[in-house]
Amino acid sequence: MSVTSFTPSRSIRYNERSRKYHNWNVTTIAVTVLDGCSTKNGCNSNDIDIRFIHVDVKFHGMIIMMMCFEIFLVAGTVLEEVHKIVDSFLIELGVSGGGIIKTCKAVTIIIVLIICPIWVVMKFYKIGFDLGILWFLVASASWISVCIESVGSLSVYLLLVIDSFKSEPIEKLDEIMYGVRAAIGIVHIGFGLLQICFLTWNITTIQWSWFSCIILAILVYISYERVTNGWNEFQRRRTAVYRLSFLPNATQEQLHLFNDACAICLRNMTSAMITPCNHYFHESCLQKWSYLKETCPMCNAIINTNCLVQKVV
């Protein structure tokens with residue numbers, strides 16, 4: 001066909017056919033081209049079984065998608081490590097305070113860790129690999145987890161900042177922070193189990209590789225460590241709450257006679273708990289201390305509540 005023979009009417013028909021077949025995937029195009037080539041060369045369609053070519057192209061497409069998934073997963077794991085570093089630094093700033101420059105840097109990085117995963121996941125979704133919702137969730141799980149964890153870290157930091165401006169600590173602040181982190185941990189474990197199941201299915205049914213096995217082992221280890229750490233923290237908190245539940249609360253007369261601040265947070269007390277060694281502390285402050293040690297913050301005497309339990313019984 002010459003250039004002059006390409007009339008406007010033919011151009012319109014060509015554009016219509018282009019729009020009609022614009023959404024063809026790579027597999028369909030490859031099979032169609034090979035079928036046309038075999039027909040032009042005088043070969044019968046029975047001579048070349050297009051079905052095997054279709055399966056082969058589809059199989060290589062699955063391999064490419066799994067490589068993209070593994071690269072996406074490694075990048076998400078790197079972001080998780082960055083979040084751990086920034087989270088610990090941000091909590092330290094919320095508790096002890098810091099300069100404006102340090103605070104702005106930490107908050108900026110957390111905001112980037114919130115926005116960047118959302119942008120990447122949206123771009124990844126728009127690419128359109130005909131993956132299905134399950135594959136998309138598995139591939140983007142690490143990035144979604146980083147976004148959720150960053151939101152939780154920023155929420156905890158804001159709570160600590162608000163608490164620092166109050167004359168007395170926020171009631172049940174530690175329980176609120178623990179609830180936020182526990183919810184984020186449950187979501188993270190759920191995404192991790194989804195990734196483990198998908199990688200196991202890929203290794204056993206599609207293609208086995210050392211790289212996939214290494215990533216699977218890392219995911220299993222991270223999920224196991226997260227579950228064990230969460231369970232140990234829950235047991236430690238439950239033991240501390242049970243041990244302190246037998247300590248008496250100070251009356252208003254005792255607080256008036258004591259007329260001093262809490263030795264842990266250095267704030268005034270309108271309510272307090274009395275240890276067996278006759279020291280006064282905020283209930284929330286003493287609970288947070290008891291998660292780490294079983295001794296009194298003032299005199300390092302062991303907080304033994306057995307005698308109190310016997311009195312109650």
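Couple of notes before you dig in:
- Mean sequence separation of contacting Cα pairs (under 8 Å, at least six apart), scaled by the length of the stretch 238-300, corresponds to a relative contact order of 31 percent.
- Since only Leu257, Tyr224, Tyr242 are under comparison, the one whose Cα sits farthest along the positive direction of the charge dipole of the stretch 210-272, derived from C-beta charges on Lys, Arg, Asp and Glu, is Tyr224.
- Cross-link table Lys172/Lys293; Lys84/Lys105; Lys105/Lys166; Lys172/Lys288, entries beyond 22 Å C-alpha to C-alpha: Lys105/Lys166
- Just so you know, the averaged projected area of the alpha carbon convex hull for the stretch 113-272 sits at 12.9 nm².
Readers should treat all values here as calculations from the given coordinates under stated rules, not as data from a laboratory. Please read these numbers as outputs of a predicted model, since none were measured by experiment. Note that each Cβ is placed from the backbone with ideal geometry, even for glycine, and that neighbours are counted across all protein chains shown.
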